[in-house]
Amino acid sequence: MGDGEKEKGLSILLRRLFHWGPFVALFIIKFVFFTCVYLTSLWLPPYESVEGTINYFLYMAAIGLIMYNFLCSVALGGGFVPKGWKPESPAQESLLQYCNICKGYKAPRSHHCRRCERCVLKMDHHCPWINTCVGHRNHMNFCYFLLFCVTGALHSLVLLTIGLQRAYNARWYEEMDERLLHLTFPLAVCTVLSIGLALGVVIALGCLLYVQMSIVLKNQTGIETWIHQKAEMRQEELGTNDWVYPYDLGSYRNFRMVFCDRPSDGIVWPVLSGCDQYTLTREQILQKEDKRMRQRLYIVTKGFRGGFFPWCGHGVCTCVRTPLNGEPRLKLAVGDRVFVTRWKEHWLYGQRNSPSRAEVEDDPPKGWFPRDCVIACVASRKDL
């Protein structure tokens, strides 16, 4: 790697780190780490016993692995499809989706991320905690980051709980002639907070790790899992059974593709016999056409500024039941037209289609907005 590439990589890393997601993640890691190291050193110092030395070594190794994989996940990103990319054969262009923002075709398994503003190779999801997408290049590091966070948090939880218990029962440990642990009020507060944070990490990231390993063993991404489920539902509606997910090569090979072999460049992937590189993209195109025909047109009667918690003018229920999935909100003005594709009790998700606005016509903005802002115009787009 040349000096120019190193400087560019460092610039990308720093730019991604200066965001609330990495700040919060690093704060939690460092807060629990320093509290645990300080508290443990009071009752199990690393220089007085073999147990203390082993515990200190394992804990430092866990923190090092967490930080290494966190920084790799941030710096590498998911990997982007080159701008203006197109397949080698012009005949294959009709089998792919075109990205109007990147001005190129979407490679198989890639999706456009509106936050990264690029098409991401084998995109799983955009993670706010690393301020970039999880995809082809950093999927392994992201899974390792989750794994070591969970094991490190469990280790911290045990050490902090033991330390708190020893401080509470200081008289008993004094009678046993063992090292005493006296907690000051600030240290006690930090210990309790660290226990809560460590427990939250174990539960939240433990669930996410389970989900990630489930899809890794199926050689899927979070997006592809949803595509696969919709394909099965669509086949059931049509009364056919010819859909096969093309990338599931068996749990062992699927696991090695992420953690060991890495046989793909992110564009060409190994597929099952009877499938080709465009099996999934053909299904995506059919699903998008089906969704386009099911859209309903709504007319905006009340403006919406695009806030996540719109208290004024939309009701408390709308604010309390705001979709908490990280998807964008759609700013609206009276008279706008919106094609809606998803419905909730108090919220709708759609794509604005307003020729009067100065916006890119081939990629209008999408997002959630309160239901009370619009009224239905026609049954569906196919009726227009």
Identify the single condition in (1) surrounded by 16 or more Cβ atoms within 10 Å (Cβ to Cβ); (2) in a helix (DSSP H, G or I) that Phe34 does not satisfy, given that it satisfies every other one.
-> (1)
Return yes or no: is Pro87 closer than 25 Å to Leu286 by Cα and touching a strand residue (DSSP E or B) at 6+ places or on another chain (Cβ under 8 Å)?
-> yes
Please specify each residue of region 310-337 satisfying the condition of being assigned to a loop (DSSP other than H, G, I, E, B), within 25 Å of the chain's Cα centre (by Cα) and exposed (fewer than 13 other Cβ atoms within 10 Å of the Cβ).
-> Leu324, Asn325, Gly326
Within region 48-59, of all residues that are of a type in the set (Phe, Trp, Tyr) and surrounded by 12 or more Cβ atoms within 10 Å (Cβ to Cβ), the one farthest from the chain's Cα centre (by Cα) is Tyr56
Yes or no: Tyr210 hydroxyl-bearing (Ser, Thr, Tyr), surrounded by fewer than 19 Cβ atoms within 10 Å (Cβ to Cβ) and assigned by TED's automatic domain parsing to the domain that holds Phe142?
-> yes
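In the list Phe142, Phe148, which residue meets the criterion of being part of a helix (DSSP H, G or I), under 20 Å from Lys218 (Cβ atoms), at pLDDT 95 or above and hydrophobic (A, V, I, L, M, F, W, C)? Full working, then the answer.
Numbers: Phe148 fails: under 20 Å from Lys218 (Cβ atoms).
Of the residues listed, the single one that is part of a helix (DSSP H, G or I), under 20 Å from Lys218 (Cβ atoms), at pLDDT 95 or above and hydrophobic (A, V, I, L, M, F, W, C) is Phe142.
How many residues does region 291-309 contain that are more than 22 Å from Glu327 (Cα to Cα) and either assigned to a helix (DSSP H, G or I) or within 23 Å of the chain's Cα centre (by Cα) (or both)? Give the steps one after another, and end with the answer.
Looking only at region 291-309, we keep the residues that are more than 22 Å from Glu327 (Cα to Cα), and these are 293, 301.
Checking which are either assigned to a helix (DSSP H, G or I) or within 23 Å of the chain's Cα centre (by Cα) (or both) leaves us with 293.
Residues that pass the stated criteria total 1.
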With respect to Val244, determine if the residue is under 30 Å from Val37 (Cα atoms), free of Cβ contacts under 8 Å to residues at least 40 places away in the same chain and aliphatic (A, V, I, L, M).
-> no
Filter region 173-196 for residues that are assigned to a loop (DSSP other than H, G, I, E, B) and not basic (Lys, Arg); which is modelled with the highest pLDDT?
-> Thr184
Is at least one residue of region 48-56 within 30 Å of Asp276 (Cα to Cα) and of a type in the set (Ser, Thr, Tyr)?
-> no
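Kindly indicate whether Phe259 is out of contact with any Ser or Thr (no Cβ under 9 Å at 6 or more places or on another chain), surrounded by 15 or more Cβ atoms within 10 Å (Cβ to Cβ) and more than 19 Å from Val81 (Cβ to Cβ).
Details: out of contact with any Ser or Thr (no Cβ under 9 Å at 6 or more places or on another chain): yes; surrounded by 15 or more Cβ atoms within 10 Å (Cβ to Cβ): no; more than 19 Å from Val81 (Cβ to Cβ): yes.
No: the conditions fail for Phe259.
Answer with yes or no whether Leu164 is of a type in the set (A, V, I, L, M), at pLDDT below 95 and not in a helix (DSSP H, G or I). Working first, answer last.
Details: of a type in the set (A, V, I, L, M): yes; at pLDDT below 95: yes; not in a helix (DSSP H, G or I): no.
Against the criterion (of a type in the set (A, V, I, L, M), at pLDDT below 95 and not in a helix (DSSP H, G or I)), Leu164 does not qualify.
Give region 223-259 a look and list any residue that's of a type in the set (Gly, Ala, Ser) and modelled with pLDDT under 90, or say none.
Matches in region 223-259: Gly239 only.
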Can you find a residue in region 363-371 that is more than 30 Å from Trp129 (Cβ to Cβ), modelled with pLDDT of 90 or more and not assigned by TED's automatic domain parsing to the domain that holds Asp242?
-> yes
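Take the residues in region 60-82 that are in a loop (DSSP other than H, G, I, E, B) and in contact (Cβ under 8 Å) with a residue 24 or more places away in the chain, then tell me which one is surrounded by the fewest Cβ atoms within 10 Å (Cβ to Cβ). Walk me through how you get there before you give the answer.
Of region 60-82, the ones in a loop (DSSP other than H, G, I, E, B) are 77-79, 81-82.
From the residues that got through so far, the ones that are in contact (Cβ under 8 Å) with a residue 24 or more places away in the chain too are 77-79, 81.
On the way: Gly77: 25, Gly78: 31, Gly79: 21, Val81: 23.
Selected residue: Gly79.
The values are calculated or read from the model by the stated rules, or taken from the named source; none is laboratory data. These numbers were taken from a predicted model, which means no experiment stands behind them. Heads up, the Cβs are rebuilt from the backbone with ideal geometry, glycines too, and the neighbour counts pull from every protein chain shown.
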